[in-house]
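The values are calculated or read from the model by the stated rules, or taken from the named source; none is laboratory data. Everything quoted here is computed from the prediction, not taken from an experiment. Methodologically, a virtual Cβ is constructed for each residue, glycine included, from the backbone with ideal geometry; neighbour enumeration extends over all protein chains shown. Just the protein is used for accessible areas: all its heavy atoms, side chains included, with ligands, DNA and RNA removed. Shrake-Rupley method; radii C 1.70, N 1.55, O 1.52, S 1.80 Å.
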Amino acid sequence: MSRFDLEVSIAEQESGLQISWTFNTDLFLPDTITRLSENFAVLLGGILQDPQAPVQELPWLSPGEREQVLVQWNATAQEYPQQRCIHELFEAQVQRTPQARAVVFEEEHLSYHALNERANQLAHHLRAAGVGPDALVGLFLERSVEMVVAVLGILKAGGAYLPLDPDYPAARLQYLLNDSALQWVLTQTHLQARLPACSAQILVLDDSAQLLRHYPRSDPGTEAVGLQPHHLAYLIYTSGSTGEPKGVMVEHRALVNRLVWAREGYRI
């Protein structure tokens, strides 16, 4: 009777080594032990071929397993729209399903067409204000329809967004504002008093209907903006738990790659 969940006994015979495996069937399947024994045999063969080799350099995978682990499981290359920016994929969906619901928040909802038009008006305003490729725009917003409009509007204008969580401590918000050197911040009326002092231009989204209604509802056009997939989509800061927070820059092509993979991987 074995004293352990897994026990390997090795006895030297005239014909070679006799190896027996004793295991707890509640923990191990017979196929698992068979695979372990085969790997152990590969390891012993490697020792015989090169007795002086360090343990970490000895083989333990069979040729078939090595092919599976190193080649088959790593054959993950996929085609994705490398020359498209993330908002262009959204605009393509607008063309496919203009009247489908795109965003819902509490009792408010927008179709793809309506969301696109509102984001376009904001984008034209931001472009007129000087926003362009790699320009950072802060998002000091709570979860809302305005937040989605703001993200798309910034991207369509060619800029990149920086999330500024209203629940962050004032000191962290002040650091992010100073370190990123933001020139524009989008916010909501009830949040203005919580935004630390900064030199950025402030646009209050829920109070901007009259301002934005004069701007076109048409797509600004990525080429007209001068935007390329290597330009920034957003900037996100680390927690700062090991020092001061550090900004991580994410390009359009990286975000497109990630979301296309997620769509395929999760069957969205």
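Please state which one of Leu205, Leu232 is within 24 Å of the chain's Cα centre (by Cα), of a type in the set (A, V, I, L, M) and under 27 Å from Tyr112 (Cα atoms). First the steps, then the outcome.
On the way: Leu205 fails: within 24 Å of the chain's Cα centre (by Cα).
Just one listed residue meets the conditions, Leu232.
Restricting to segment 63-82, name every residue that is touching a residue at least 40 places away in the same chain (Cβ under 8 Å), surrounded by 14 or more Cβ atoms within 10 Å (Cβ to Cβ) and not hydroxyl-bearing (Ser, Thr, Tyr).
Result: Pro81, single match.
If you go through segment 158-185, how many residues are over 12 Å from Gly247 (Cβ atoms), over 22 Å from the mean Cα position of the chain (by Cα) and in contact (Cβ under 8 Å) with a residue 60 or more places away in the chain?
1
Among what's in segment 129-147 and is assigned to a helix (DSSP H, G or I) and touching a residue at least 40 places away in the same chain (Cβ under 8 Å), pick the residue that is farthest from Ala100 (Cα to Cα).
Glu146
Check Cys85 against each of (1) open to solvent by 70 Å² or more (accessible area, probe 1.4 Å); (2) within 23 Å of Tyr215 (Cα to Cα); (3) touching a Leu at 6+ places or on another chain (Cβ under 9 Å); (4) of a type outside the set (Lys, Arg) and name the one condition it does not meet.
Going through the list (1) open to solvent by 70 Å² or more (accessible area, probe 1.4 Å); (2) within 23 Å of Tyr215 (Cα to Cα); (3) touching a Leu at 6+ places or on another chain (Cβ under 9 Å); (4) of a type outside the set (Lys, Arg), Cys85 breaks only (1).
Take the conditions among the hydroxyl-bearing types (Ser, Thr, Tyr), outside any loop (DSSP other than H, G, I, E, B) and loosely packed, with under 13 Cβ neighbours inside 10 Å and apply them to Thr25. Does it pass?
Spelling it out, it is not the case that Thr25 is among the hydroxyl-bearing types (Ser, Thr, Tyr), outside any loop (DSSP other than H, G, I, E, B) and loosely packed, with under 13 Cβ neighbours inside 10 Å.
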